[in-house]
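The next block holds one structure in the form of C-alpha cells; read it before the comments.
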Ligand code: HEC
Ligand code: HEC
Ligand code: HEC
Ligand code: HEC
Ligand code: HEC
C-alpha cells in the first residue's frame with residue numbers, strides 16, 4: 001500500500017509539473033505581443049497551411065532569404081544583419097512589406113530574432129484589424145504595415161471556421177473579421193503600389209486592377225480552396241504553372257505563294273497586367289519554323305526579342321534622365337510599358353518565307369529578371385531564377401500539297 005501511494009504521488013507530481021509547465025508556455029505565449037509569435041507555433045495544428053506558407057515567397061521575402069530582394073536591398077539599404085540602417089534618414093521602407101515583424105519593432109538586424117526573418121508570416125496577416133488605404137490625406141503613401149491597424153492580442157480570421165457562436169480558438173483569443181479576410185483589403189497594403197525614391201512607379205498590381213473595373217478579389221485566384229482548406233501557397237511569378245494560367249495564346253497561318261502569314265493572338269485573362277508585379281518580370285514570344293527533318297529553318301529572333309523583335313517583348317522599361325535603361329532604384333522615368341493590360345488581346349503578325357517549313361511553333365516564355373540583370377545571378381544555386389520558363393505553346397502544321 002505504502003509503495004503504491006508513493007508511486008501515485010510521484011506520478012501526480014509529474015503530471016502537475018507537466019501541466020504547470022505547459023500552462024506556463026501557453027501563458028507566456030499569450031503575454032508575448034502577437035507580432036512576435038512565430039509561424040512555428042501555428043504549425044502543430046495547421047500543418048498543411050504551414051508547409052504551403054513555408055514554400056511561398058511570403059515565407060521567403062526577407063533580404064536574408066530571397067536572393068533577388070537581397071541583392072537589391074544590399075545595394076540600396078545595406079547589410080540586413082546590421083542594426084540602425086537608414087535610407088535618407090528614415091527607417092528603410094522595404095521592411096514594412098518584406099519583414100513586417102522587424103518593422104513593427106523598428107529594427108533592421110533581421111538575424112536578431114527568428115521571427116524577423118520569417119517575412120510575411122501567419123501573424124503578419126492574421127492580426128490585421130483594419131486597412132487604412134495606401135494614400136495619406138497629405139498626399140504621400142503609407143505602405144505595408146503602415147497601411148494597416150493590427151491587434152496585439154487577438155488573432156483575426158475569416159470567421160468561416162467558427163463552428164458556433166461560442167467558438168473559441170484553442171490557443172489564442174480570436175475575432176472574425178470578414179471585411180478584411182474575405183476581401184482584397186488583406187493584400188492591398190503591400191500589393192497596391194510602390195514608387196522608388198524618384199517617385200517612379202515600380203509595382204502597382206492594385207492600381208492595375210482598379211483600372212480594369214469590376215470586382216476582382218485577389219483571394220479567389222491566389223487563395224483557392226484545395227482539399228477543403230484555403231491554400232496558402234500564394235503562387236505568382238516563381239511558379240511557371242501559375243503564370244501560364246494568365247495567358248491564352250493561339251496561332252493561325254495562311255499560306256500564300258512564297259510566304260506564310262502568321263497571326264499569334266495573345267490574351268491576358270487576368271484583371272491585372274500580364275506579367276504584373278516586380279518591374280523586371282517579363283514575357284517574350286519566339287516563332288520558329290521547322291523542316292521535315294525537324295531542323296530549325298527560320299526564327300523570329302536570332303538573339304533575344306528584346307534586341308531584335310521588340311513587338312514580341314512584354315515588359316516595363318525604366319530609364320534615367322538621358323533615356324538610357326536604368327534599374328528600378330535609380331530610374332527617373334518610365335520609358336515604356338508593353339505588358340498586356342488587364343484583359344487585353346494583342347496580335348503579333350509575321351510574314352515568314354515559305355522555304356521548306358512544314359511546322360511553325362510559337363512559344364511564350366516568362367522571366368523573373370530582364371536579360372542584363374541575369375548576369376548578377378550566375379551562381380549554380382540561382383539557376384532557377386535565371387531560367388526562362390515556357391508558359392504557352394502553339395503549333396501549326398503547314399500543308400505541303402503543291403510543293404516540290
Ligand atoms: C492547439 C492547436 C492550434 C494552434 C497551435 C493554432 N491553431 Fe488556429 N485553429 C485551431 C483549430 C482547431 C481551428 C478551427 C478550424 C480548423 O480546424 O482549422 C483553428 C482556426 C484558425 C483560424 C480560422 C479562424 C476563422 O476565423 O475562421 C485561423 C486564422 C487560425 N486558426 C490561425 C492560427 C494562427 C495564426 C496560429 C499561430 C499563431 C494558430 N492558429 C495556432 C487550432 C490551433
Ligand atoms: C505584409 C505585406 C504583405 C501582405 C499583407 C501580402 N503580401 Fe504578398 N508579398 C509580399 C512580399 C514582400 C512579397 C515578395 C516576396 C519576394 O519576392 O521577396 C509577396 C509575394 C506575393 C506573391 C508571389 C510573387 C512571386 O514572386 O511568386 C503573391 C502571388 C502574393 N504576394 C499575393 C498576395 C495576396 C493575394 C495577398 C493577400 C491575401 C498578399 N500577397 C498579402 C508582401 C505581402
Ligand atoms: C498573406 C496573408 C496570410 C498569411 C501570410 C497567412 N494567412 Fe491564413 N488566411 C489568410 C486569408 C485571407 C484567409 C481567408 C481566406 C478565405 O476565407 O477566403 C486565411 C485563412 C486561414 C485559415 C482558415 C482556413 C480555412 O480553410 O478556412 C487558417 C486556419 C489560417 N489562415 C492559418 C494560417 C497560418 C497557420 C498561417 C501561417 C503558416 C497563415 N494562415 C498565413 C491570409 C493569410
Ligand atoms: C483571375 C485570377 C487572378 C486575380 C483575380 C488576381 N490575380 Fe494575381 N495573378 C494571377 C496569375 C495567373 C498570375 C501569374 C501571371 C502574372 O504574373 O501576371 C498572377 C500574378 C500575381 C503576382 C505575382 C507578381 C510577381 O512579381 O511575381 C502578384 C503579386 C499578384 N498576382 C497579386 C494579385 C493581387 C494583389 C490581386 C488582387 C488585387 C490579384 N493578384 C488578383 C491571377 C490572378
Ligand atoms: C509596399 C510594399 C513593398 C515595399 C515598401 C517594398 N517592396 Fe519589394 N516587393 C513587394 C512585393 C509585394 C513584391 C512581390 C510581388 C510583386 O512583384 O509585386 C516585392 C518584390 C521585390 C523584389 C523582387 C523579388 C523577387 O523575388 O523577384 C525586389 C528585388 C524588391 N521587392 C526589392 C525591394 C526593395 C529594395 C525595397 C525597399 C527599397 C522594397 N522592395 C520595398 C512589396 C514591397
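The values are calculated or read from the model by the stated rules, or taken from the named source; none is laboratory data. In this text the structure is predicted, and so the values were computed from the model without any measurement. All Cβ positions, even for glycine, are placed from backbone atoms using ideal geometry, and neighbour counts span all protein chains on display.
Pick from 44, 103, 59: which is at pLDDT 55 or above, over 20 Å from residue 234 (Cβ atoms) and either touching a strand residue (DSSP E or B) at 6+ places or on another chain (Cβ under 7 Å) or assigned by TED's automatic domain parsing to the domain that holds residue 198 (or both)? If you could, list the steps in order and put the result at the bottom.
Details: 103 fails: over 20 Å from residue 234 (Cβ atoms); 59 fails: over 20 Å from residue 234 (Cβ atoms).
Only one candidate qualifies: 44.
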**OP:** Any chance you could count how many residues in the range 238-271 are surrounded by fewer than 18 Cβ atoms within 10 Å (Cβ to Cβ) and within 16 Å of ligand 5 (Cβ to nearest atom)?
**Re:** 3
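Tell me, which residue of the range 167-225 that is away from ligand 1 (no atom under 16 Å from the Cβ) and in contact with a strand residue (DSSP E or B) (Cβ under 7 Å, 6 or more places away or on another chain) is nearest to residue 278 (Cα to Cα)?
Initial filter on the range 167-225 (away from ligand 1 (no atom under 16 Å from the Cβ)): 184, 188-218, 220-222, 224.
Now drop any that are not in contact with a strand residue (DSSP E or B) (Cβ under 7 Å, 6 or more places away or on another chain), which leaves 188-189, 193, 195, 200-202.
Details: 188: 15, 189: 16, 193: 11, 195: 11, 200: 13, 201: 10, 202: 7 Å.
Across the range 167-225, the extreme among qualifying residues is 202.
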Subject >> Test: residue 239 is free of Cβ contacts under 8 Å to residues at least 60 places away in the same chain and more than 16 Å from ligand 1 (Cβ to nearest atom) >> reply: yes
Subject >> Residues located in the range 90-119, provided they are assigned to a loop (DSSP other than H, G, I, E, B) and either surrounded by fewer than 24 Cβ atoms within 10 Å (Cβ to Cβ) or free of Cβ contacts under 8 Å to residues at least 24 places away in the same chain (or both) >> reply: 91, 92, 93, 106, 107, 109, 111, 112, 113
Subject >> Sole exception among (1) within 22 Å of residue 378 (Cβ to Cβ); (2) within 16 Å of ligand 4 (Cβ to nearest atom); (3) surrounded by 19 or more Cβ atoms within 10 Å (Cβ to Cβ) for residue 63, by number >> reply: (2)
**OP:** Only one of these is in contact (Cβ under 8 Å) with a residue 12 or more places away in the chain and touching a helix residue (DSSP H, G or I) at 6+ places or on another chain (Cβ under 8 Å): 312, 331. Name it.
**Re:** 312
Original post:
Among (1) out of contact with any helix residue (DSSP H, G or I) (no Cβ under 7 Å at 6 or more places or on another chain); (2) surrounded by fewer than 17 Cβ atoms within 10 Å (Cβ to Cβ), which single condition is residue 202 missing?
Top reply: (2)
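Just to verify a result, which residue in the range 325-350, among those that are outside any strand (DSSP E or B) and under 25 Å from residue 87 (Cα atoms), is farthest from the chain's Cα centre (by Cα)? Break it down stepwise before answering.
Going through the range 325-350, the residues outside any strand (DSSP E or B) turn out to be 326-332, 338-339, 341-344.
Subset that is under 25 Å from residue 87 (Cα atoms): 326-332.
Values: 326: 23, 327: 19, 328: 17, 329: 19, 330: 22, 331: 22, 332: 25 Å.
If we take residues in the range 325-350 being outside any strand (DSSP E or B) and under 25 Å from residue 87 (Cα atoms), then 332 is farthest from the chain's Cα centre (by Cα).
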**OP:** Could you pull out every one of the helices (runs of 4 or more DSSP H) wholly within the range 131-213 that has 1 or more residues that are in contact (Cβ under 8 Å) with a residue 60 or more places away in the chain and away from ligand 3 (no atom under 15 Å from the Cβ)?
**Re:** 205-211
**OP:** Taking residue 227 as meeting all but one of (1) in contact with a helix residue (DSSP H, G or I) (Cβ under 9 Å, 6 or more places away or on another chain); (2) under 27 Å from residue 38 (Cβ atoms); (3) surrounded by 14 or more Cβ atoms within 10 Å (Cβ to Cβ), write down the number of the exception.
**Re:** (3)
Subject >> Yes/no for residue 141 being at pLDDT below 95, out of contact with any helix residue (DSSP H, G or I) (no Cβ under 8 Å at 6 or more places or on another chain) and surrounded by 15 or more Cβ atoms within 10 Å (Cβ to Cβ) >> reply: yes
Subject >> Tally, over the range 310-334, of residues that are touching a strand residue (DSSP E or B) at 6+ places or on another chain (Cβ under 9 Å) and surrounded by 15 or more Cβ atoms within 10 Å (Cβ to Cβ) >> reply: 15
